[in-house]
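For reference, the structure is listed below as structure tokens.
The values are calculated or read from the model by the stated rules, or taken from the named source; none is laboratory data. From a predicted model like this one, the values you see are computed outputs, not experimental measurements. We place every Cβ from the backbone using ideal geometry, glycine too, and count neighbours over all the protein chains shown. Side chains included, ligands, DNA and RNA excluded: accessible areas come from the protein's heavy atoms. Shrake-Rupley method; radii C 1.70, N 1.55, O 1.52, S 1.80 Å.
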Amino acid sequence: MMNGDELDTRQACVSCGAAVEPFWVLADRPYCRECVTRAGGAELGQVIHPLVENVQLGCGMAIVTALWSGLVLTLTMSGVLVLMFLAINFFGFMARPVPLQQFGEQLARVLPLFGGFTFAFIGVIGFPLSLFSRQTKSASQLSISEGSLIVNNRFVVLPLSECAWATPQTLAADDGGCYLPKTRVIVISSTNPKSPGNYACGFTDETYRIWKTFLTLERVPFKAPGSPKVWCIWLAGGASIGSLLGSLVGFGAGELIGKPAAVIAFGFAGFLDGVLWGVLRAMVATTSTEILRRSLGDPATFNWRQATLTALAGFALGFKSGAMLGFTAGVVTGLLNSVIGLLLYWNVSRAMADRFQTTQAFPDTDSAELR
Ligand SMILES: [Zn+2]
């Protein structure tokens, strides 16, 4: 009988299942010393309390953060528009070549004006929007209860099985916007496409370590921070290969039908195709396979819905570009572009299948799971 009573007071560690005295009891979940040590939380000593964090940025800090977020948002969006403006100008130049110096002088005159107006125009919306979303969309309290992440007093209840987490290195952001550079936080994201959301936590040194240890112990998938270099390579590569191939085809087609403007239409369609392909390849290269599987499905089984959507989007994009040369030309470019879309889709799912295979061979390299 004595033995039986003693066993009853011992709770099994929920991470490894060993029936030993718990070292941490976090949000009513007991963990043994060995598991806590392996997850990196031993330095904090014994921790026995509910897991709750109240996020208080302070009024001044909240405004500075929101202004910074507005600046990042405005710069990014106007940067994309300036890039598209440059691309259109380039294709225009290829359709109607002028002396290079004249082209450069023209661009130097127009570009600062275009950039300035774009920044001001987007900023008028971007800055107030950032102040508003920092106030309304960022979580003020995060806690864990019965295997779920609770945001703002049950405003959002997200099962941990539908979560992933990240420790962003360059620019941390949640639904409220970005944080100042070098702000060290953990961002928990929903992997359920039906209830998207990103919530930052771990603002103090202690809460950062507690969340990190807890998420590791619970085997919540870890999203490795996407390397900006990988993104730059795929985006720049996709945009330039797409533009080049598109304008070459457009140049040939323009000669054939006697409409030099075809190079603009085809070049720009190629540019957009290339950028989209670059985005997808960068996502596949930088996202953890667990999250890829949850959001895009298994590449081993052919996904008719995704393929049909890709073909339709490709047709729409091609039709829009070709329609400036006439309806029939629009249909032809639309069909051509939907085939290109399917080929790119096939390439992306091949890349994904490759990643899944490598991860199955070396499971430990992909996530923060400790086995
Ligand atoms: Zn354990």
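Observations on the model:
- D_trans [Stokes-Einstein, Kirkwood Rh over alpha-carbon pairs] for the chain, 20 °C, 1.002 mPa s, µm² s⁻¹: 89
- Under 5 Å from the amide H of residue 191 lie the amide H atoms of 163, 164, each residue being 5 or more positions distant or on a separate chain, with H modelled from the backbone and absent for Pro and chain starts.
- Surface per residue (accessible, 1.4 Å probe) for the chain, Å²: 56
- Span-rule helices in the chain, defined as complete DSSP H runs reaching 30 Å or more along the axis (Cα) with Kyte mean at least 0.5: 59-95, 100-136, 228-257, 262-286, 327-361
- Chymotrypsin sites (Phe, Trp or Tyr not before Pro) lying in DSSP loop within the stretch 49-108, provided at most 16 other Cβ fall within 10 Å: none
- For the stretch 219-272 versus the stretch 6-73, the gap between their alpha-carbon centres in whole angstrom: 45
- Heavy-atom accessible surface of the chain: percent carbon and sulfur, 1.4 Å: 66
- Cysteine residues of the chain whose Cβ has no partner cysteine Cβ closer than 4.7 Å: 16, 35, 59, 163, 178, 201, 232.
- Global form of the stretch 192-336, assessed from the alpha-carbon gyration tensor, a/c cut-off 1.5: prolate
- FRET efficiency for residue 62 and residue 169, using Cβ-Cβ distance with R0 set to 22 Å, rounded to 0.05: 0.45
- Here the 3J(HN,Hα) profile of the stretch 145-155, calculated from phi with Karplus coefficients 6.51, -1.76 and 1.60 at θ = phi - 60°, is 8, 6, x, 10, 8, 10, 9, 6, 6, 6, 5 Hz, Gly and Pro shown as x.
- Gain upon complete extension [residue 80, residue 323; 0.36 nm per residue less C-alpha separation]: 85.0 nm
- Proximal lysines to residue 137, defined as alpha-carbon separation beneath 28 angstrom and excluding residues fewer than eight positions away on the same chain: 182, 194, 212, 223
- Spin-label pair residue 206/residue 12, simplified geometry with 7 Å Cα→Cβ offset, distance in nm: 3.2
- For the stretch 58-201, taking the reciprocal of the average inverse distance between every pair of different Cα atoms yields a Kirkwood hydrodynamic radius of 17.9 Å.
- Distance histogram for the stretch 136-238 (every C-alpha pair counted, 5 angstrom bins, percent rounded to whole numbers): 2, 12, 21, 25, 19, 11, 5, 3, 1, 0
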